[in-house]
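Visitor: Here you go, one structure.
The values are calculated or read from the model by the stated rules, or taken from the named source; none is laboratory data. Predicted, not measured: the structure shown is a model, and the values here were computed from it. For neighbour counting, all protein chains shown are included, and Cβ atoms are generated from backbone atoms with ideal geometry for every residue, glycine included. The protein model used for the area step is the full one, side chains on, heavy atoms only, and it has no ligands, DNA or RNA in it. Shrake-Rupley method; radii C 1.70, N 1.55, O 1.52, S 1.80 Å.
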Amino acid sequence: MAREFTDLSKLCVHTITTKTWVIEKAAQEFSAAGIGGITVWRDALAGRDIKQTGNMLRGLNLEVVSLCRGGFFPALEQSARQAAIDDNKKAIDEAEALGAPMVVLVCGSAPGQSLIESRKQIQDGIAACLPYAEAAGVKLAIEPLHPMYAGDRSAVNTLGQANDMAEALNSDWVGIAVDVYHLWWDPDLENQMKRCGQNGNFSAFHICDWKTPTLDMLNDRGLMGEGVINLKQIRGWAEEAGFNGFNEVEIFSNIYWQQDQHQFLDKIKDAYLRYS
Ligand code: ZN
């Protein structure tokens, strides 16, 4: 079982979780709450000086945990695959300017070709970006997504597949983001988390909950404790795998986005301390 948390120093909140707050407001509120980290979604940076924004976050004692997101490598046309590589290099530039050590990858999947071909294109796309990532000092974290997204969002659907890919790429600049929402159901999860840690690839840990019923495939994630994920057990496996980084709350929710975000943040803090 996982260690109990008594403070919020290892809690990180994604800007998309409190989507209706601009990043400046979110940062002030997270900092005032004693939250230790922030993961920034690229849309939150629109129209801003990225370097200054990074300084603003650090000035509020927030650690910039990662930038979300790059990826979407597979496509039927070569020109589209090249455009994806170019966009990932842009994301790496943004992470470097922000002072984020990592870009999280939603790897992509192209309808009209096999998942095997899409996975090959993902691996090739990451490989093409690696020299650029290394020069910038930014890691690329493969995030396996739940199989319900295999059609168009990610052909990497299990931690086993992500481990295979990260080990094949074999670079200090490739890691894996383990998100309990995507992986909780996998009977091989404990073993694959162990393998991920042993190979030095366990780079990020995302938390929320899986609600029953789930009303929307994308935007109905639950707060920790609100659904069926045994989060304490999975976080215990993360600790056993050697992971001691941030616990990143990443909740897309049409329901919570409509609520008062102060109250929502209070619920996040409470749920983090009680259920994660
Ligand atoms: Zn995630």
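Visitor: Is there a residue being surrounded by 13 or more Cβ atoms within 10 Å (Cβ to Cβ) and among the acidic types (Asp, Glu) anywhere in the range 5-24?
Guide: Within the range 5-24, one or more residues are surrounded by 13 or more Cβ atoms within 10 Å (Cβ to Cβ) and among the acidic types (Asp, Glu).
Visitor: For the subset of the range 65-80 comprising residues that are away from the ligand (no atom under 16 Å from the Cβ) and open to solvent by less than 60 Å² (accessible area, probe 1.4 Å), which member is farthest from TYR132 (Cα to Cα)? If you could, list the steps in order and put the result at the bottom.
Guide: Of the range 65-80, the ones away from the ligand (no atom under 16 Å from the Cβ) are 73-80.
Next, only the ones that are open to solvent by less than 60 Å² (accessible area, probe 1.4 Å) stay: 73-75, 80.
Numbers: PHE73: 16, PRO74: 19, ALA75: 21, ALA80: 19 Å.
Per the stated criteria, the residue is ALA75.
Visitor: Are there any pairs, at least 6 apart or on different chains, whose C-beta atoms fall under 9 Å, with the first in the range 252-265 and more than 18 Å from ALA27 (Cα to Cα) and free of Cβ contacts under 8 Å to residues at least 24 places away in the same chain and the second open to solvent by less than 20 Å² (accessible area, probe 1.4 Å) and in a helix (DSSP H, G or I), and if so, which?
Guide: none
Visitor: Here's a follow-up. Among the residues of the range 146-163, is there at least one that is under 22 Å from THR17 (Cβ atoms) and in a loop (DSSP other than H, G, I, E, B)? Explain how you work it out, then say what you get.
Guide: Just the residues of the range 146-163 that are under 22 Å from THR17 (Cβ atoms), to begin with: 146, 148-149, 153-154.
Next, from what is left, pick out any that are in a loop (DSSP other than H, G, I, E, B): 146, 153.
Scanning the range 146-163 turns up at least one residue that is under 22 Å from THR17 (Cβ atoms) and in a loop (DSSP other than H, G, I, E, B).
Visitor: Sticking with this structure for a sec: Give the residue that is nearest to the ligand (Cβ to nearest atom), with candidates limited to residues of the range 182-238 that are in a strand (DSSP E or B) and buried (at least 22 other Cβ atoms within 10 Å of the Cβ).
Guide: So, considering only residues that are in a strand (DSSP E or B) and buried (at least 22 other Cβ atoms within 10 Å of the Cβ), the one nearest to the ligand (Cβ to nearest atom) is HIS206.
Visitor: Yes or no: ALA128 more than 15 Å from the ligand (Cβ to nearest atom), open to solvent by 30 Å² or more (accessible area, probe 1.4 Å) and either at negative phi or in contact with a helix residue (DSSP H, G or I) (Cβ under 7 Å, 6 or more places away or on another chain) (or both)?
Guide: Numbers: more than 15 Å from the ligand (Cβ to nearest atom): yes; open to solvent by 30 Å² or more (accessible area, probe 1.4 Å): yes; either at negative phi or in contact with a helix residue (DSSP H, G or I) (Cβ under 7 Å, 6 or more places away or on another chain) (or both): yes.
Yes.
Visitor: Confirm whether GLY245 is part of a helix (DSSP H, G or I), on the phi < 0 side of the Ramachandran plot, of a type in the set (Gly, Ala, Ser) and in contact with a Phe, Trp or Tyr (Cβ under 9 Å, 6 or more places away or on another chain). Walk me through it before giving the result.
Guide: Values: part of a helix (DSSP H, G or I): no; on the phi < 0 side of the Ramachandran plot: yes; of a type in the set (Gly, Ala, Ser): yes; in contact with a Phe, Trp or Tyr (Cβ under 9 Å, 6 or more places away or on another chain): yes.
Considered against the rule, which asks whether it is part of a helix (DSSP H, G or I), on the phi < 0 side of the Ramachandran plot, of a type in the set (Gly, Ala, Ser) and in contact with a Phe, Trp or Tyr (Cβ under 9 Å, 6 or more places away or on another chain), GLY245 comes out as no.
Visitor: Restricting to the range 137-161, count the residues that are surrounded by fewer than 19 Cβ atoms within 10 Å (Cβ to Cβ), among the hydrophobic types (A, V, I, L, M, F, W, C) and within 23 Å of VAL65 (Cβ to Cβ).
Guide: The total comes to 0.
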